[in-house]
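Just below is one structure, and these are the notes that go with it.
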Amino acid sequence: MLIKPFGFFGGSSPFIVATGGTITTSGSYQVHTFTNNGTFEIVSPGTGTAAFYDYLLVGGGEGGRSYNNEGDGGASGVSRLVTGSAAAVNQYTIVIGSGGAGGLNGFGTAGGTTSAFITSATGGGSATPGRNADFTSGGSPTETDAGKGGAGAAGDGSQSNGGNGITTTFSGATISYGGGGFGGRRNANPVYGPGSYGGGAGGNFTTNPGNATGYGGGGGGSCYATVAGGTGADGVAIIKYRIQ
């Protein structure tokens, strides 16, 4: 008698079976991380309470502004978390929003939109420089010759400080992302930033502005029109589901 493993030919797995992205395992979950455009394919949808998946999307960060005395930090992309999506056999296109280039004597480029399934996470600065769809940039700094901080994924900028991002263990590892870029200053005082969420530090008299390092972070600002602002960080899509 030929004994077939469960799910081979006739049977189907009680858990979702899928491909695409970088695949890791965290406890009872399988995790697919996309840092570039790709395809998420559900081969088997699972059954019962195991037939659902969750996903996190982060849009691309805006590049920092470069302008004499007004070097504003770029805004982060927005963050969208969706839970309890019902699985179905299908191929899904995943689009990752790119980080925007730093501006030279002007505003930086807006971040790109990250999209998957029926959800989109827009990029920083996509509607208004220094802002994202959820939060705004910092108010006018009390310090003269300094730029505003860009909006973060979890809060407004505060004067020259970038807005807060988010720390999560959604993928199984602890990651911090979505920090707003910090404003530049036109003097030799210490730079603003970088913060804990990957937003780029603002530049000063001797230091170029920093590029964002966390997913979706905004680039640092430059208060010198001849020095480009920092680059925004690319977004990400993370999908997970139970496998036991």
Residue in segment 27-44 that is under 24 Å from GLY199 (Cβ atoms) and outside any loop (DSSP other than H, G, I, E, B) present: yes
For TYR197: the one exception among (1) farther than 30 Å from THR19 by Cβ; (2) surrounded by 24 or more Cβ atoms within 10 Å (Cβ to Cβ); (3) at pLDDT below 95: (3)
2 or more residues more than 11 Å from the chain's Cα centre (by Cα) and among the basic types (Lys, Arg): qualifying strands (runs of 3 or more DSSP E) within segment 164-244: 236-242
Residue within segment 72-80 that is without any contact (Cβ under 8 Å) to a residue 60 or more places away in the chain and either assigned to a loop (DSSP other than H, G, I, E, B) or at negative phi (or both) present: yes
Sole residue being on the phi > 0 side of the Ramachandran plot and either surrounded by 24 or more Cβ atoms within 10 Å (Cβ to Cβ) or not aliphatic (A, V, I, L, M) (or both), chosen from GLY183, GLY157, GLY150, GLY178: GLY178
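The values are calculated or read from the model by the stated rules, or taken from the named source; none is laboratory data. Given the structure is predicted, the values throughout are model-derived calculations rather than measurements. FYI the Cβ positions are ideal-geometry reconstructions off the backbone, even for glycines, and counts take in every protein chain you see.
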